[in-house]
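Worksheet for the structure shown next.
The values are calculated or read from the model by the stated rules, or taken from the named source; none is laboratory data. These numbers come from a predicted model, not from an experiment. Heads up, the Cβs are rebuilt from the backbone with ideal geometry, glycines too, and the neighbour counts pull from every protein chain shown.
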Amino acid sequence: MGISIKASDEACGAEVTDIDLTKELSNNDISVIREAWLEHHVLCFPNQPMSDDDLERFTLYFGKFGDDPFIAPIPGRKNIIAVKRTADEKVPIFADNWHTDWSFQSQPPAGTCLFGKIIPPEGGDTLFANQHMALDKMSSELRSKLEGKLAIHSATIPYSPKGGYGDKDREMGRSMDIRASDEASATQTHSIIRKHPETGREGIYGTFGYIIGIEDMDTKEAMKLLIELSAWQAQEEFQYHHKWKKDMLVMWDNRSVLHRATGGYQGFDRLLHRTTIAAYGS
């Protein structure tokens, strides 16, 4: 029996079964998964009791490890971070704004792998927004405003010492080991509309938050356009709502989707282990 892939009935996402990720995969299995990943943008693999070794091995099937700044790796590992929240934690939910991972880097990660270790009985869904679909359905008027524009990306809003996950956040007792730094103020430009490096399909890349401006555009004018864009690109019709279960692996294509965390599980622990897949060809 081969791998089974069942597409969701939403804007992206598919479930992959009839495969054991605790074992080494064949070249054919890897090829099938990669093809499905590029087609559906988000893949979930239920019932996979993976170890950290398994998670790292799976990640490396699809590229090198990405560079994960500002968050310390878990003890004994260089490439796995813990996305966690304790039952009594009071700080805001981590990563609850729309974003694509580490878009402020010169070569942002192609993908992210997230594995559910402790999953609360309710809440904690992850939302994804298909940015190829968002561009395809965009008005010609809005698209004309974005064509040829370079967005200015930076980690300063969340990860500078005075940012959302900065010194004050640490004092409030966040359980994640976030290391805010002045390095977060660095900037990097990327085209707002760009072609996917593997499929060639055009999509929107990034959103307001990591995007802090538009090159050669007045700040107020840029903010107005970015707010208009962000209101468009994460609409319900472009979304996939992912519900987590223990021992579930999810991998997504950062070049194709935005994502955000949600809450709704106060009083319960939540723990996931995460790796990133380096930029294609790096």
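Things worth noting here:
One line per residue, one yes/no per condition, for (1) at pLDDT below 95; (2) on the phi > 0 side of the Ramachandran plot; (3) touching a Lys or Arg at 6+ places or on another chain (Cβ under 8 Å):
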position	(1), (2), (3)
Ile192	no, no, yes
Thr207	no, no, no
Ile211	no, no, no
Asp218	no, no, no
Val250	no, no, no
Ser282	yes, no, yes
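- Selection count where residues are crowded, with 17+ Cβ neighbours inside 10 Å and among the small types (Gly, Ala, Ser), scope segment 127-173: 9
- Selection status of Thr189, of a type in the set (Val, Ile, Thr) and either in contact with a Cys (Cβ under 7 Å, 6 or more places away or on another chain) or without any contact (Cβ under 8 Å) to a residue 12 or more places away in the chain (or both): no
- Filter result (in a helix (DSSP H, G or I) and touching a Phe, Trp or Tyr at 6+ places or on another chain (Cβ under 8 Å)) within segment 57-72: Thr59
- Neighbours by Cβ (under 6 Å, 6+ apart or cross-chain): first from segment 18-38, surrounded by fewer than 12 Cβ atoms within 10 Å (Cβ to Cβ) and of a type in the set (Val, Ile, Thr); second at pLDDT 95 or above and not in a loop (DSSP other than H, G, I, E, B): none
- Within segment 245-282, the set of residues being crowded, with 22+ Cβ neighbours inside 10 Å, touching an Asp or Glu at 6+ places or on another chain (Cβ under 9 Å) and outside any strand (DSSP E or B) comprises Asn254, Arg255.
- Residue list for segment 29-44, filter: in contact with a Gly (Cβ under 9 Å, 6 or more places away or on another chain), in a helix (DSSP H, G or I) and not acidic (Asp, Glu): Val32, Trp37, His40
- Here Thr189, Thr199 are screened, and the one residue that is over 17 Å from the mean Cα position of the chain (by Cα) and part of a loop (DSSP other than H, G, I, E, B) is Thr199.
- First in segment 81-105 and buried (at least 21 other Cβ atoms within 10 Å of the Cβ) and of a type in the set (Phe, Trp, Tyr), second anywhere and modelled with pLDDT of 95 or more and not in a loop (DSSP other than H, G, I, E, B), Cβ under 6 Å, 6 or more apart: Phe104/His153; Phe104/Ser154; Phe104/Gln188
- Inter-residue pairs, beta-carbon under 7 Å, first within 19 Å of Arg34 (Cβ to Cβ) and modelled with pLDDT of 95 or more and in segment 6-17, second assigned to a loop (DSSP other than H, G, I, E, B) and among the β-branched types (Val, Ile, Thr), 6+ apart: Val16/Ile3
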